[in-house]
Amino acid sequence: MAARTTSTRENRYDLLRIYSYYRFALALLLLLVYFAFSRDRGVQPFLPLLYLGTAIPYAILNLVALVVVLARPRRPRPRHLFLMLVMDITALVLITHASGGIDSGFTILLMVTIAAAAIFVPGQVATLVAAVASLAVLFDALYMMLRYDSGVGALFSAGLLGMLLFASSLLAQRLAARLESSQELAREKTGEVIGLQRLNQLIVQRMRTGIVFIDADDRVRIANESAAKLLCFGEHLIAFRGSSLPVGVITHLAAWR
């Protein structure tokens, strides 16, 4: 059971490292988008200061988080992961608001955060992350409608996105549970195969009949205890690979062939 838990943690830690790379790359991409379009006033963010004031700290924090994940080879606690996911949601919602609302398209990036939550944190916490993301998007759409008179369409789109986030969270949780169950089953089968292999080796070693496996060059690959005694091998050569057969045995083997 401890080996299974350790293997599962290692797999999730590998995924966490990938997600950390993604977060840092996303932050750099957001900055690149800002500076790439800053020359054209027509496509400049709706609130440039908020956009830049969110993207720069987000990139710095993601860089620090990436260094910490790479420097400390152990899985963070669920509350740390929850705070990291909430930080992603907050940054993406602020970027969305600074870009003019849900129509900017940045909210689709929340799908990745929701999927990551289903993998890294327990089911109830993952559902809470989806709820936080949905409420944040709805609140932003409502604020944009009341403050800038953006229309009811944005609120409707936010509601649909919220339902999509919940559905994605539940689906990702189910897939993650199935994947973990499949991995556990594979580990069980692997353990059974290893156990049978060891049992077979033990049976072969304890047999009174001498058994020797040789390769095409007549060199010993495996020999059990009885064969080692009959062939006058030392005890340290029982499992020795590459040793030669005695001359008399080679002669009889050649005659048999």
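The set of residues from the range 207-232 being in contact (Cβ under 8 Å) with a residue 12 or more places away in the chain and under 47 Å from the mean Cα position of the chain (by Cα) comprises M207, I211, V212, I214, D218, R219, V220, R221, I222, A223, N224, E225.
Answer with yes or no whether L70 is closer than 12 Å to L16 by Cβ, within 21 Å of the chain's Cα centre (by Cα) and open to solvent by less than 70 Å² (accessible area, probe 1.4 Å). Reasoning before the result, please.
Values: closer than 12 Å to L16 by Cβ: yes; within 21 Å of the chain's Cα centre (by Cα): yes; open to solvent by less than 70 Å² (accessible area, probe 1.4 Å): no.
Judged against the criteria, L70 is not a match.
Only one of these is open to solvent by 80 Å² or more (accessible area, probe 1.4 Å) and at pLDDT 75 or above: R187, R206, R198. Name it. Answer to the check: R198. Kindly indicate whether G153 is over 29 Å from the mean Cα position of the chain (by Cα) and more than 18 Å from S20 (Cα to Cα). When the stated conditions are applied, G153 passes them.
Given the criteria assigned to a helix (DSSP H, G or I), under 30 Å from M87 (Cα atoms), under 42 Å from the mean Cα position of the chain (by Cα) and not acidic (D, E), does A141 qualify? Walk me through it before giving the result.
Numbers: assigned to a helix (DSSP H, G or I): yes; under 30 Å from M87 (Cα atoms): yes; under 42 Å from the mean Cα position of the chain (by Cα): yes; not acidic (D, E): yes.
Here the answer is yes, as A141 does meet what is asked.
One residue is enough: does the range 128-138 have a residue meeting the conditions assigned to a helix (DSSP H, G or I), more than 20 Å from the chain's Cα centre (by Cα) and within 14 Å of L81 (Cα to Cα)? Reasoning before the result, please.
Going residue by residue through the range 128-138, those that are assigned to a helix (DSSP H, G or I) are 128-138.
Still in the list and also more than 20 Å from the chain's Cα centre (by Cα): 128, 131-138.
Among the residues that remain, those that are also within 14 Å of L81 (Cα to Cα) are: 128.
Taking every residue of the range 128-138 in turn, at least one turns out to be assigned to a helix (DSSP H, G or I), more than 20 Å from the chain's Cα centre (by Cα) and within 14 Å of L81 (Cα to Cα).
So, of the residues in the range 1-44 that are within 30 Å of T190 (Cα to Cα) and among the basic types (K, R), which turns out to be modelled with the highest pLDDT?
Restricting attention to the range 1-44, the residues satisfying the condition of being within 30 Å of T190 (Cα to Cα) are 1-19.
Add one more test, that the residue is among the basic types (K, R), and what stays is 4, 9, 12, 17.
Working: R4: 48, R9: 57, R12: 69, R17: 88.
Filtering the range 1-44 for residues that are within 30 Å of T190 (Cα to Cα) and among the basic types (K, R), the one modelled with the highest pLDDT comes out as R17.
V249: farther than 30 Å from I119 by Cα, part of a helix (DSSP H, G or I), modelled with pLDDT under 75 and open to solvent by less than 80 Å² (accessible area, probe 1.4 Å), yes or no? So V249 fails the test.
Would you be able to tell me the number of residues in the range 104-127 that are part of a loop (DSSP other than H, G, I, E, B) and either open to solvent by less than 20 Å² (accessible area, probe 1.4 Å) or in contact (Cβ under 8 Å) with a residue 60 or more places away in the chain (or both)? If you could, list the steps in order and put the result at the bottom.
Start the filter on the range 104-127 by keeping residues that are part of a loop (DSSP other than H, G, I, E, B), which leaves 105, 121-122.
If we keep only those that are either open to solvent by less than 20 Å² (accessible area, probe 1.4 Å) or in contact (Cβ under 8 Å) with a residue 60 or more places away in the chain (or both) too, we end up with 121.
So the count comes out to 1.
Of the candidates A141, A176, the single residue that is open to solvent by less than 60 Å² (accessible area, probe 1.4 Å) and out of contact with any Ser or Thr (no Cβ under 8 Å at 6 or more places or on another chain) is A176.
Scan the range 47-78 for residues that are aliphatic (A, V, I, L, M) and in contact with a Lys or Arg (Cβ under 8 Å, 6 or more places away or on another chain) and jot them down. Before the answer, list the steps.
Taking the range 47-78 first, the residues aliphatic (A, V, I, L, M) are 47, 49-50, 52, 55-56, 59-61, 63-71.
Of everything in the range 47-78, those that are aliphatic (A, V, I, L, M) and in contact with a Lys or Arg (Cβ under 8 Å, 6 or more places away or on another chain) turn out to be A65, L66, V69, L70.
The values are calculated or read from the model by the stated rules, or taken from the named source; none is laboratory data. Not measured: the values here are computed from a predicted model. Ideal geometry is used to build each Cβ from the backbone, glycine not excepted, and the neighbour counts take in all protein chains shown. Note: areas computed on protein heavy atoms with side chains; ligands, DNA, RNA excluded. Shrake-Rupley method; radii C 1.70, N 1.55, O 1.52, S 1.80 Å.
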